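Enquirer: Structure provided below as structure tokens; questions to follow.
The values are calculated or read from the model by the stated rules, or taken from the named source; none is laboratory data. Please read these numbers as outputs of a predicted model, since none were measured by experiment. Backbone-built Cβ (ideal geometry, glycine too); neighbour counts: all protein chains shown. Only protein heavy atoms, including side chains, enter the accessible area calculation; ligands, DNA and RNA are left aside. Shrake-Rupley method; radii C 1.70, N 1.55, O 1.52, S 1.80 Å.
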Amino acid sequence: MKTEIYLPTTENLEICAELLRSGELVAFPTETVYGLGGNALDPLAAKKIYAAKGRPSDNPLIVHIADKETVNVLAVRVPEKAQIVMERFMPGPVTIVLPKKDVVPDAVTGGLKTVAVRMPSNPVALALISRSGVPVCAPSANTSTRPSPTSAAHVYNDLCGKIPAILDGGDCEVGVESTVIDFTTEKPRLLRAGGMPIETLEAAIGEIEIVRNSKVALCPGMKYKHYSPLADVFVALPGEGLKERMRAAYDALAGEGKKTLIIALEDTAAEMGERNVRLAGKDYADYAHNLFAFLRDADADGYEAVVCEGADERLLGASVANRLIKAAGGKTV
Ligand code: TXA
Ligand code: MG
């Protein structure tokens, strides 16, 4: 299959919307990461998504909407706190899990009786979804286990030949996926840290349950290998001796003959001497924006090992910390 890249002109948006209506897949930009979209009411479209990504079919897809009313097509009810989140933070990088209606196929929810709903803020995403006239189910548009794509080129590298269309809306602003909150439990529960800080949500709806170190995966997606570049990734946990630990880890890896890279924020990067360093930016928002792209670049540049500065579990740091630990497969220094 030939994969076309479309710039988001009116004409091209219509071509892509028609592809979605006819059961085909279109990769499209959102403010978080690129999504691989299909008609959320069509089980065959969902199957194509799983096949293109090589994704286990018990890992449910998020359904993207372009207007808030569509939530009532998908969900049996919207609890009060979920309504507040919709009013205050949608469109934006947050996903709410609700009890699903029968129109949402099991193929989309991995057999769960719940549906994850999100309204992205990216104008190209909104234009595509509203033109298509259907809700759009979309996971991140990467090959399963690879870092999520934050540019059309990343999508092309992973899915060329497997999907008919990529809508190129430039680089994603946020760079990490949406925050996922489950509203089907008694107390709202965090399923995945992401682009919307948990502190911001809690200020609006009160306490959100955060289950740490759970032995069982909270949402199906959490049990799978994730965000892995080919290079071996190590995370330097924040705290005592961070810079020393990073320099020592780098020197040990380089000493084994491995082409090694450090990814660090400004203050830390400044103290890494002559080592190969990639500057993640000045704060966690920059880090989130750059992380997945840098991991992909590390592979493209032939790095065999990457030592990353870890992040504190607050604000956007929580999402960065989570992605880093997964990319590293738990390896810390
Ligand atoms: O920012 C994002 O959320 C991006 C863009 C494209 O919107 N999408 C994304 O989708 O990250 P994906 O499929 O890579 O991650 C969705 C996560 C998975 O961990 C999945 O298990 C969880 O959300 N999820 C989806 N539906 C769920 C449900 N009904 N119950 C629990 N978890 C669910
Ligand atoms: Mg994903």
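Enquirer: For residues in the stretch 145-171 being among the small types (Gly, Ala, Ser), in contact (Cβ under 8 Å) with a residue 40 or more places away in the chain and surrounded by fewer than 18 Cβ atoms within 10 Å (Cβ to Cβ), which is nearest to VAL33 (Cα to Cα)? It would help to see each step written out before you state the result.
Expert: Kept after step one, since they are among the small types (Gly, Ala, Ser), are these residues of the stretch 145-171: 148, 151-153, 161, 165, 169-170.
With the extra rule that they be in contact (Cβ under 8 Å) with a residue 40 or more places away in the chain, the set shrinks to 148, 151-152, 161, 165, 169-170.
Then keep just the ones that are surrounded by fewer than 18 Cβ atoms within 10 Å (Cβ to Cβ); that gives 161, 170.
Details: GLY161: 20, GLY170: 11 Å.
Taking the candidates together, the pick is GLY170.
Enquirer: Name every residue in the stretch 144-174 that is in contact with a Gly (Cβ under 8 Å, 6 or more places away or on another chain), within 16 Å of ligand 2 (Cβ to nearest atom) and small (Gly, Ala, Ser), in order of residue number.
Expert: Result: SER144, SER151.
Enquirer: Would you check which residues across the stretch 243-284 are part of a helix (DSSP H, G or I), among the aliphatic types (A, V, I, L, M) and surrounded by 18 or more Cβ atoms within 10 Å (Cβ to Cβ) and list them?
Expert: Passing the criteria: MET246, ALA249, LEU253, ALA269.
Enquirer: Related question: Quick check on the stretch 8-40: of everything there that is part of a loop (DSSP other than H, G, I, E, B) and more than 16 Å from ligand 2 (Cβ to nearest atom), which residue is surrounded by the most Cβ atoms within 10 Å (Cβ to Cβ)?
Expert: Ranking the qualifying residues of the stretch 8-40, first place goes to ALA40.
Enquirer: Going residue by residue through the stretch 97-107, is there one that turns out to be in contact with a His (Cβ under 9 Å, 6 or more places away or on another chain), open to solvent by less than 10 Å² (accessible area, probe 1.4 Å) and more than 16 Å from ligand 2 (Cβ to nearest atom)?
Expert: The answer is no, given that none of the residues of the stretch 97-107 is in contact with a His (Cβ under 9 Å, 6 or more places away or on another chain), open to solvent by less than 10 Å² (accessible area, probe 1.4 Å) and more than 16 Å from ligand 2 (Cβ to nearest atom).
Enquirer: Tally time: how many residues in the stretch 132-143 are near ligand 2 (Cβ under 8 Å from one of its atoms) and either touching a Lys or Arg at 6+ places or on another chain (Cβ under 8 Å) or at pLDDT below 95 (or both)? Lay out the reasoning, then the answer.
Expert: Kept after step one, since they are near ligand 2 (Cβ under 8 Å from one of its atoms), are these residues of the stretch 132-143: 139-140, 142.
Now narrow it down to the ones that are either touching a Lys or Arg at 6+ places or on another chain (Cβ under 8 Å) or at pLDDT below 95 (or both): 139, 142.
Number satisfying all stated conditions: 2.
Enquirer: Do we have any residue at all in the stretch 26-36 that's of a type outside the set (A, V, I, L, M, F, W, C) and farther than 23 Å from ALA293 by Cβ?
Expert: no
Enquirer: Could you tell me which of the residues LEU265, LEU237, LEU242, LEU230 is in contact with a helix residue (DSSP H, G or I) (Cβ under 9 Å, 6 or more places away or on another chain), at pLDDT 95 or above and within 19 Å of GLY329 (Cα to Cα)?
Expert: After ruling out the rest, the residue left standing is LEU237.
Enquirer: Report, by residue number, each residue of the stretch 285-305 that is open to solvent by less than 20 Å² (accessible area, probe 1.4 Å) and either farther than 19 Å from ILE325 by Cβ or in a strand (DSSP E or B) (or both).
Expert: ALA305
Enquirer: So, one more: Name every residue in the stretch 137-162 that is away from ligand 1 (no atom under 13 Å from the Cβ) and within 17 Å of LEU7 (Cβ to Cβ), in order of residue number.
Expert: Result: SER151, ALA152, ALA153, TYR156.
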